[in-house]
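Written below as structure tokens is the structure these notes are about.
The values are calculated or read from the model by the stated rules, or taken from the named source; none is laboratory data. Worth saying up front: this structure is predicted, and the values here are computed from it rather than measured. Glycine gets a Cβ as well: all are built from the backbone with ideal geometry, and neighbour counts include every protein chain shown. Keep in mind that these areas ignore ligands, DNA and RNA; they rest on the heavy atoms of the full protein, side chains included. Shrake-Rupley method; radii C 1.70, N 1.55, O 1.52, S 1.80 Å.
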Amino acid sequence: METVRVETQERSYDVVVGPGALQGLESLLADADRVAVIADEKVAALHGERLRAALGETGRDAAWLDVPSGESCKTLEWFGRSQQFLLEAGCTRKSVLIAFGGGACGDLAGYAAAAYMRGIRFIQCPTTILAHDSSVGGKTAINLPGGKNMTGAFHQPIAVLYDTEFLRTLPEVEVRSGMAEAVKHVLISSREDAPDMLRTLELGRMSEEELIGHIVRGIRVKAEIVGRDEREGSVRKYLNFGHTYGHAVEAAAGYGGLTHGEAVMIGMVYALILSEQKAGAGRELTDALQAFAERNGYPLKEIANHPFDGLLGYMKKDKKASFGDLHFVLLPEAGAPDVRLVTEEDCRKADRELRIRTGVEPE
């Protein structure tokens, strides 16, 4: 079992990672007058009894709401349902909400906790690799038709219980999705380790110990950055590496048509090409990331289905855009992220180069 401490102005809390992490529930619920669970419906079917048993060991009953899997739960409709659910469950400001599922479920449940009675406590119990990123740091949100995560709140959990036994049932696509964020954390934090990781990591051959190591490392990187900048005023923006273009591809594909991590991987390759063109980066890191992505089954050719002008519209709605300007996290070199202002023409040029390098358009 590994524990990573997250220190923020709102609160400090532990991220507990390893088999059996759910055993930490008892102390966290000791003074709660009500306990409620918002769960991904697929996760609830697979693992709901384990959470119910863990709650039973604490002597607590819990109100329970299953929500659709993936991004389809992050809607205004389901946000409204979550508020009514908490009200009908008799929750008060002394209650605790548990988010049980992947990143999307955690985003919805966290925002529900942030809004209900202007904020109640919640615990993240992530069940996917991807959620090692989304469950830490207090960003909560839902989607609007025109953009991803466009309405939400900063609301830190009181704990993250990352029971890695849940990861054993993940399908290959979810492993791929989650490991994209793990790769991102290494790219933005270490000049030395990034090339070696891209050269040697084979997702289909990871041992459980190796996987937990990647998860814990990613959490440590994020915890350090969030501790320095809780509300994304400066260095926390580095965690958005690959996300501006990635979110655009994800939105264009229709939420659920492409996993978040797959879209972010496409966005990171794009951001590295933009880094070559705008920040003087060499091509070696871009080629290494592209080779890693292709070797491990990331659908880079998805961009063939989405013309640039449509993607540009989504990028202009991105939260990192201001006054119509586009800001990208670039990597002049691994471990040295930097936020740069770019033009539409810069973006178009990088998009064209990405299509050429992935073979979806001729030179």
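Karplus-derived 3J(HN,Hα) values for region 25-31, using 6.51 cos²θ - 1.76 cosθ + 1.60 with θ = phi - 60°, are 5, 4, 5, 6, 9, 4, 10 Hz; glycine and proline are entered as x.
For SER69, neighbours were defined as the other residues whose beta-carbon sits under 10 Å from its Cβ, and their charges (Lys and Arg +1, Asp and Glu -1) total -3.
What a 1.4 Å probe finds exposed on region 252-320 is 50% carbon and sulfur by accessible area, rounded to a whole percent.
Computed from Cα positions, the angle between helix 208-228 and the longest principal axis of the chain comes to roughly 90 degrees. Our coupling estimate for region 52-68, obtained by passing each phi through the Karplus curve with A = 6.51, B = -1.76, C = 1.60 and θ = phi - 60°, is 4, 5, 5, 5, x, 5, 8, x, 10, 8, 9, 6, 9, 10, 8, 10, x Hz, Gly and Pro reported as x.
Accessible area per residue, 1.4 Å probe, Å², for region 114-169: what's the number?
28
Excluding ligands, DNA and RNA, the accessible surface per residue across region 184-340 is 40 Å² with a 1.4 Å probe. Taking ASP318, ASP31, ASP133 as the candidate residues, the one with maximal mean-square fluctuation in a Gaussian network model of the chain, Cα springs under 10 Å, is ASP31. Fully extending the segment from ARG60 to THR151, taken as 0.36 nm per residue of separation minus the present Cα-Cα distance, adds 29.5 nm. Applying the Karplus relation 6.51 cos²θ - 1.76 cosθ + 1.60 with θ = phi - 60° to region 242-259 yields 3J(HN,Hα) values of x, 8, 5, 6, x, 4, 5, 5, 4, 5, 5, 6, x, 4, x, x, 9, 5 Hz, where x marks Gly and Pro. Charging the Cβ of each Asp and Glu at -1 and of each Lys and Arg at +1, and nothing else, the dipole of the chain about its Cα centre rounds to 800 debye. The simple spin-label model puts a point 7 Å past each Cα toward its Cβ; for ALA30 and ARG348 those points are separated by 6.2 nm. Between the Cα long axis of helix 284-295 and the first principal axis of the chain there is an angle of about 60°, rounded to the nearest 10.
Multiplying the sequence separation of GLU49 and GLU88 by 0.36 nm and subtracting their Cα-Cα distance, what value in nm do you get? Don't skip to the answer; put the middle values down first.
Working: separation 39, 0.36 × 39 = 14.04 nm, distance 2.29 nm.
Answer, rounded to one decimal: 11.8 nm.
Restricting to region 2-168, what percent of DSSP beta bridges are antiparallel, rounded to 5?
Percentage antiparallel, nearest 5: 35.
For region 42-77 versus region 302-363, the inter-centroid distance based on Cα atoms is 37 Å.
Counted by Cβ distance under 15 Å from LEU108, the other residues give a net charge of -1, where Lys and Arg count +1 and Asp and Glu count -1.
Pairs of Lys residues in region 2-168, spaced 8 or more positions apart or belonging to different chains, with C-alpha separations under 22 angstrom: 5 in total.
For region 2-168, which whole percent of the accessible surface, found with a 1.4 angstrom probe, sits on carbon and sulfur atoms? Show your work: numbers first, answer last.
Details: 3100 of 6380 Å².
Carbon-and-sulfur percentage of accessible area, whole number: 49.
Find which of THR3, PRO126, GLY110 sits farthest along the positive direction of the dipole of region 2-168, computed with +1 on the beta-carbon of Lys and Arg, -1 on that of Asp and Glu, about the Cα centre. Positive-most Cα among the choices belongs to GLY110. Relative to the longest principal axis of the Cα atoms of the chain, the long axis of helix 344-357 lies at roughly 80 degrees. Given +1 at the Cβ of Lys and Arg, -1 at the Cβ of Asp and Glu and no other charges, the dipole of region 56-192 around its Cα centre is 520 debye to the nearest 20.
Using a probe of 1.4 angstrom and keeping all protein chains present, the accessible surface of region 23-63 works out to 55 square angstrom per residue. Under 15 Å from the 7 Å Cα→Cβ point of THR169, by amide nitrogen: which residues of region 125-141? So the set is 126-129.
Dipole of region 178-358, Cα-centred, from +1 at each Lys and Arg C-beta and -1 at each Asp and Glu C-beta, to the nearest 20 debye?
Computed charge dipole of region 178-358: roughly 340 debye.
By its C-alpha gyration tensor, with a ≥ b ≥ c as the square roots of the eigenvalues, how is region 2-168 shaped: rounded for a/c under 1.5, else prolate for a/b larger than b/c, else oblate?
Working: a/c = 1.26, a/b = 1.19, b/c = 1.06.
Rounded, since a/c falls under 1.5.
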